[in-house]
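Just below is one structure, and these are the notes that go with it.
The values are calculated or read from the model by the stated rules, or taken from the named source; none is laboratory data. Note that the structure is predicted; figures quoted are calculated from it, not measured. For neighbour counting, all protein chains shown are included, and Cβ atoms are generated from backbone atoms with ideal geometry for every residue, glycine included. To get the accessible areas, we keep the full protein, side chains included, count just its heavy atoms, and leave off ligands, DNA and RNA. Shrake-Rupley method; radii C 1.70, N 1.55, O 1.52, S 1.80 Å.
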Amino acid sequence: MEKLKTGAENMGISLDDTQLDRFEKYMDMLLNRNKVMNLTAITEKDEIISRHFLDSVTPLMTDKFPPGASVIDIGAGAGFPSLPLKIARPDLCVTMLDSLNKRVGFLNDVILSLGLENIEAVHMRAEDGGHSELRESFDVAVARAVADLSVLAEYALPFVKVGGCFIAMKGGDPEEEIGGAKAAIKALGGRIEAVKEVHIDEGGLDHTLCIINKIGRTPSKYPRKAGKPAKEPIK
């Protein structure tokens, strides 16, 4: 866990012994459950620290997480970035959304085992959640899912309050993807504030955070029915 502590410190994030213990327990649970279900292709502990844990907390290098902020993770999967964000910032109120019940079961086991509060895992598709009571109720939406930004924006922005933001975690060179998503972002009530490059020393990773502010309400027709955003992205 020394690598995790040092890597976090290099990003201006301080982790105490309780937090480091939680990360270690989470990693053990991830590797054990991964033997019976597909949670991650990364199974080396050093790589889990750099590619999952440290990468997941990079959004905290922005100023978008005031004390007690409400955060939703779209397509949480095995809990990235939401669980590392919650462990690093226990004050956050976190909702993890995933469409696969088995993954939600794993997330609930982690929540219980780590003794985390003000965090829940919800079994729901983003296209459905965007029309539920969760609509426009979060300060921040985050997503590390592998999908085009125009698609992710349609999944995520309907959950964000006006005045909040969506942080899309992308690879090292997303300029073309961002250019192709501008029309969708505008249609959904968003506006790109910044594209922030982040470097993870403990792993040599260069990633990008695309920060999209919610400046107007999302039209009620979005998100469209399940499968439609991916098949026919907003142009």
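Cut-off 16 Å, label point 7 angstrom out along Cα-to-Cβ of T18: give me the residues of segment 90-120 whose amide nitrogen falls inside.
90-93, 112-119, by backbone N distance to the label point.
Please compute the per residue accessible area over segment 1-134 with all protein chains in place, 1.4 Å probe, rounded to a whole number of Å².
Ligands and nucleic acids excluded, the result is 44 Å² per residue.
Between the alpha-carbon centers of segment 41-98 and segment 143-219, tell me the distance in whole angstrom.
When both Cα centres are located, 16 Å separates them.
Mean residue ellipticity at 222 nm from the helices of the chain, using -39,500 (n - 2.57) per DSSP H segment of n ≥ 4 over the full residue count, to the nearest 500 deg cm²/dmol?
Estimated from H runs of four or more residues: -9500 deg cm²/dmol.
Could you give the nm distance between label points at M124 and D173, where each point is 7 Å from its Cα heading toward the beta carbon?
According to this spin-label approximation, the distance is 3.9 nm.
Out of the total accessible area of segment 124-181 (probe 1.4 Å, heavy atoms of protein only), what percent is carbon and sulfur? Can you show the working numbers first?
Working: 1020 of 2140 Å².
Answer for segment 124-181: carbon and sulfur cover 47 percent of the accessible area.
Over the heavy atoms of R33, what accessible area does a 1.4 Å probe trace out, to the nearest 10 Å²?
Counting only protein heavy atoms, the figure is 70 Å².
Quick one: divide the alpha-carbon radius of gyration of segment 190-235 by 2.2 N^0.38 Å and tell me what you get.
Against the compact-globule rule of thumb, the ratio is 1.66.
Any idea what log10 I(q)/I(0) is at q = 0.13 Å⁻¹ for the chain, Debye with uniform C-alpha scatterers and no solvent?
Here the Debye-derived log intensity ratios amount to -0.73.
Rounded to two decimals, what is Rg over Rh for segment 46-186 when you use alpha-carbon atoms and the Kirkwood radius?
0.94
Given the peptides 99-111, 168-180, 130-142, arrange them by the average over their residues of other C-beta atoms within 10 Å, most packed first.
Going by the mean number of other Cβ atoms within 10 Å, highest first, we get 130-142, 99-111, 168-180.
Measure nothing fancy, just the Cα-based angle from helix 17-33's long axis to the longest principal axis of the chain, in degrees from 0 to 90, nearest 10.
80 degrees
According to the Kirkwood expression over distinct Cα-Cα pairs, how big is the hydrodynamic radius of segment 1-87, in Å?
Mean inverse Cα-Cα distance, inverted, gives 13.5 Å.
Pairing the Cα long axis of helix 101-114 with the longest principal axis of the chain, what angle in degrees results, from 0 to 90 and rounded to the nearest 10?
Here the helix axis deviates by roughly 50 degrees.
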